[in-house]
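For reference, the structure discussed in these notes is given below.
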Amino acid sequence: MSARTPSRPAWQERADRLRAVPLTVVLDRSGAVLDRADPHKWHTAQGVLSVTGAQFMNWHRGRGGGGAIDLVMHLHGVGFGQALEWLEAHGATSPIPPGVSPQPRPPLRLPEPTPEHLAHVRRYLLEQRRLPPALLDPLIATGHLYADARANAVFLLRGPEGQPVGAELRGTGPVPWRGMAPGSRKDRGCFAVPTTPRAVSILCESAIDALSCHVLHPDARCLSTAGARPDPAWLANLLAQGGTVCCGFDLDPTGEAMAQAMIARHPLIQRLRPSRKDWNEVLRTGV
């Protein structure tokens with residue numbers, strides 16, 4: 001009698017399914033822009049990537065890999081488990097066989113506030129990011145900004161009615177790290193300061209950049225697209241409100257490429273470049 005073949009672990013089946021997601025899907029959901037002259041070249045937040053089938057290579061950084069999980073880890077600086085969560089949270093799934101129902105999008109799981117880490121997070125934002133307490137403290141008081149169990153700074157994304165739809169996470173330790181809360185819906189809302197509309201809106205690549213930009217442009221409402229993305233779903237509604245909208249993405253090849261792609265789709269948007277790489281660097285250096 002032959003021995004029964006053991007079943008493959010559920011996590012391995014999950015990983016195999018997500019690894020097979022087309023790289024173009026991951027790149028699109030990450031806000032990457034396809035090069036107009038080369039169909040194998042994509043402009044991303046990590047630099048230009050060459051993509052052939054399931055393989056990718058970042059020649060500038062000397063790093064490459066294969067499969068959707070590797071690509072998410074490279075683009076977003078997350079670990080294996082977080083890459084799986086990112087793929088599921090962003091609806092990036094491999095082709096579904098006939099007769100199989102698609103899995104529902106995972107629910108939003110915001111990190112629990114951890115008050116004992118709040119002083120550390122606040123000190124990081126004050127001392128290392130040079131953000132003023134007059135801007136941070138009201139955000140903390142209203143719950144738009146808090147600390148989680150890993151001492152990450154958590155910036156809430158809110159929808160049109162003010163409901164939380166996700167969160168940007170920013171590490172405050174010695175190793176730079178950024179990510180999103182599982183189940184975040186960047187298409188449904190954003191982090192913005194102030195929360196009320198203004199005559200001028202400036203789109204930035206992160207919550208910290210949006211805060212920094214608002215310090216430098218206090219009359220403007222500064223919003224984070226949570227990554228350089230050319231066409232977040234909520235952008236059309238913002239444009240419909242009237243007023244001036246500026247794209248304040250980073251002063252680097254990726255920021256320029258994403259800004260050009262955004263303006264090509266929405267010609268009324270103006271380009272506003274920081275004088276250094278990003279708005280926080282401008283704030284920290286005073287240049």
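Just a few scattered comments:
- Just one residue in the set Leu238, Leu268 is exposed (fewer than 14 other Cβ atoms within 10 Å of the Cβ) and either out of contact with any Pro (no Cβ under 9 Å at 6 or more places or on another chain) or in a helix (DSSP H, G or I) (or both); that residue is Leu268.
- Verdict on Gly227 being in contact (Cβ under 8 Å) with a residue 12 or more places away in the chain, surrounded by 16 or more Cβ atoms within 10 Å (Cβ to Cβ), small (Gly, Ala, Ser) and on the phi > 0 side of the Ramachandran plot: yes
- Of the residues making up the range 157-183, those that are under 20 Å from the mean Cα position of the chain (by Cα), within 22 Å of Leu283 (Cα to Cα) and not basic (Lys, Arg) number 8.
- Count of the range 124-156 residues which are over 23 Å from Glu281 (Cβ atoms), in a helix (DSSP H, G or I) and either of a type in the set (Ser, Thr, Tyr) or in contact with a strand residue (DSSP E or B) (Cβ under 8 Å, 6 or more places away or on another chain) (or both): 1
- Residue pairs whose Cβ atoms lie under 6 Å apart, separated by 6 or more positions or on different chains, with the first residue in the range 188-208 and part of a helix (DSSP H, G or I) and the second of a type outside the set (Gly, Ala, Ser) and buried (at least 22 other Cβ atoms within 10 Å of the Cβ), are Ala207/Phe155; Ala207/Glu168; Ala207/Phe191; Ile208/Asn280.
- Per the listing Cys213, Cys222, Cys204, the residue uniquely among the hydrophobic types (A, V, I, L, M, F, W, C), surrounded by 16 or more Cβ atoms within 10 Å (Cβ to Cβ) and either over 29 Å from Leu87 (Cα atoms) or out of contact with any Cys (no Cβ under 7 Å at 6 or more places or on another chain) (or both) is Cys213.
- Summed over the range 34-89, the residues that are among the acidic types (Asp, Glu) and part of a loop (DSSP other than H, G, I, E, B) give a count of 2.
- Test: Ser212 is modelled with pLDDT of 95 or more, out of contact with any Ser or Thr (no Cβ under 7 Å at 6 or more places or on another chain) and of a type in the set (Ser, Thr, Tyr): yes
The values are calculated or read from the model by the stated rules, or taken from the named source; none is laboratory data. The structure presented is a predicted model; accordingly, all values stated were derived computationally and were not measured. A quick note on method: Cβ atoms are made from the backbone with ideal geometry, for glycine too, and the neighbour counts reach across all protein chains shown.
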